[in-house]
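Q: One structure coming up, written as structure tokens, with questions to follow.
The values are calculated or read from the model by the stated rules, or taken from the named source; none is laboratory data. The model shown is predicted, which means the values in this text are computed figures rather than measured ones. All Cβ positions, even for glycine, are placed from backbone atoms using ideal geometry, and neighbour counts span all protein chains on display. The protein model used for the area step is the full one, side chains on, heavy atoms only, and it has no ligands, DNA or RNA in it. Shrake-Rupley method; radii C 1.70, N 1.55, O 1.52, S 1.80 Å.
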Amino acid sequence: MTGRPPLQYHPALHEGPERNLAIVAIIPARFGSTRLPGKPLSDIHGKTLIERVHERACLARTVDRVLVATDDERIAAAVRAFGGEAVLTSTRHASGTDRLAEAVGSTPAEIVVNVQGDEPLLDPAGIDAAVQALVSGGAVEISTLSLPLVSVEEMLSPSVVKVVTDAAGDALYFSRAPIPHVRLEGTDAQAAAAAAVDRGVARKHVGLYAYRREALLRFASLPPSPLEEAEGLEQLRALAHGLRIRVVPIEGEGGVAVDTPEDLERVRALLAAEKGRVA
């Protein structure tokens, strides 16, 4: 890893009544990107971005199989070149979840993990944490992760998605707004955000999901909801249609998503520092 504290999650793996489920991690990847065209094939110290994400996903101890779902033969060829498994999907998908739903048809997966294809520093413990929420049984259909919010800047940033849960740990709402709002006499939004951070009630969403197969296929078949369209958050479609999302709290720091050339340089520098070489 990168010298940052790892995600902390150490249960017995595959414990519970559903130990023998087929579990597949799928990495959606598309060539087109407004800010970083050809992003999955970006070079990071001799390996492509998609290869580094694939390597991290393969380290998850709960996953039986890892494959890349892509709409571009160049990405598929690159995946096969490093020994990975790729499946070609339609170019018409509106989201990674739609691509995931098509790709799962080629597998016997009963649990499917949606691994973001732009996080080459992904901690595989996060995958295991999300999977365990489903493997342990019960009526959980979808699981995801959350981390503590530790700064007011993150709390106020619309690019950081916040999540609040019920007593069972199921999501009540995801928002780009600073939730929860701590009501204090005569305070402004920044003071309320600071109070939420100080009280430890503010958590940010980590965009990694595990689905039961049926829940994924149902989710992908549902129409977008007004809240989803307003916030630009696909997971709100699931909540709007009554699907439960279990939010597993983890500690540590999140990964670094590569969305821009600047993000790519940051990841290169982090990996160079980790291996003691100059980028």
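Q: Could you run through the stretch 139-174 and say how many residues are open to solvent by less than 70 Å² (accessible area, probe 1.4 Å) and either assigned to a loop (DSSP other than H, G, I, E, B) or over 23 Å from residue 256 (Cβ atoms) (or both)?
A: The number of residues fulfilling the criteria is 17.
Q: Same structure again: Do you know which of the residues in the stretch 1-55 that are at pLDDT 50 or above, among the polar types (S, T, N, Q) and exposed (fewer than 14 other Cβ atoms within 10 Å of the Cβ) is nearest to residue 253 (Cα to Cα)?
A: Going through the qualifying residues, I end up with 34.
Q: May I pose another question? Picking from 253, 262, which residue would you name as being free of Cβ contacts under 8 Å to residues at least 12 places away in the same chain and either hydroxyl-bearing (Ser, Thr, Tyr) or within 27 Å of residue 41 (Cα to Cα) (or both)?
A: 262
Q: Here is a further query. Taking only pairs six or more apart or across chains, which ones have beta-carbon atoms under 7 Å, a first residue in the stretch 172-192 that is free of Cβ contacts under 8 Å to residues at least 60 places away in the same chain, and a second residue that is open to solvent by 80 Å² or more (accessible area, probe 1.4 Å)?
A: 176/158; 182/199; 192/181
Q: Same structure again: Residue check: is residue 200 part of a loop (DSSP other than H, G, I, E, B) and surrounded by fewer than 16 Cβ atoms within 10 Å (Cβ to Cβ)?
A: When the stated conditions are applied, residue 200 passes them.
Q: Please work out if residue 213 is within 23 Å of residue 53 (Cβ to Cβ) and open to solvent by 30 Å² or more (accessible area, probe 1.4 Å).
A: Against the criterion (within 23 Å of residue 53 (Cβ to Cβ) and open to solvent by 30 Å² or more (accessible area, probe 1.4 Å)), residue 213 qualifies.
Q: Give 136, 90 a once-over and let me know the one that is of a type outside the set (Val, Ile, Thr), open to solvent by less than 40 Å² (accessible area, probe 1.4 Å) and either more than 16 Å from the chain's Cα centre (by Cα) or farther than 20 Å from residue 31 by Cβ (or both).
A: 90
Q: Further, regarding this structure: How about the stretch 238-263: which of its residues are part of a helix (DSSP H, G or I), modelled with pLDDT of 95 or more and open to solvent by 20 Å² or more (accessible area, probe 1.4 Å)?
A: Passing the criteria: 239, 240.
Q: I need the full set of residues from the stretch 175-188 which are of a type in the set (A, V, I, L, M), farther than 20 Å from residue 236 by Cα and open to solvent by less than 60 Å² (accessible area, probe 1.4 Å), in order please.
A: 182
Q: Taking the condition of being of a type in the set (Val, Ile, Thr), closer than 20 Å to residue 219 by Cβ and assigned to a helix (DSSP H, G or I), how many residues in the stretch 50-109 meet it?
A: 2
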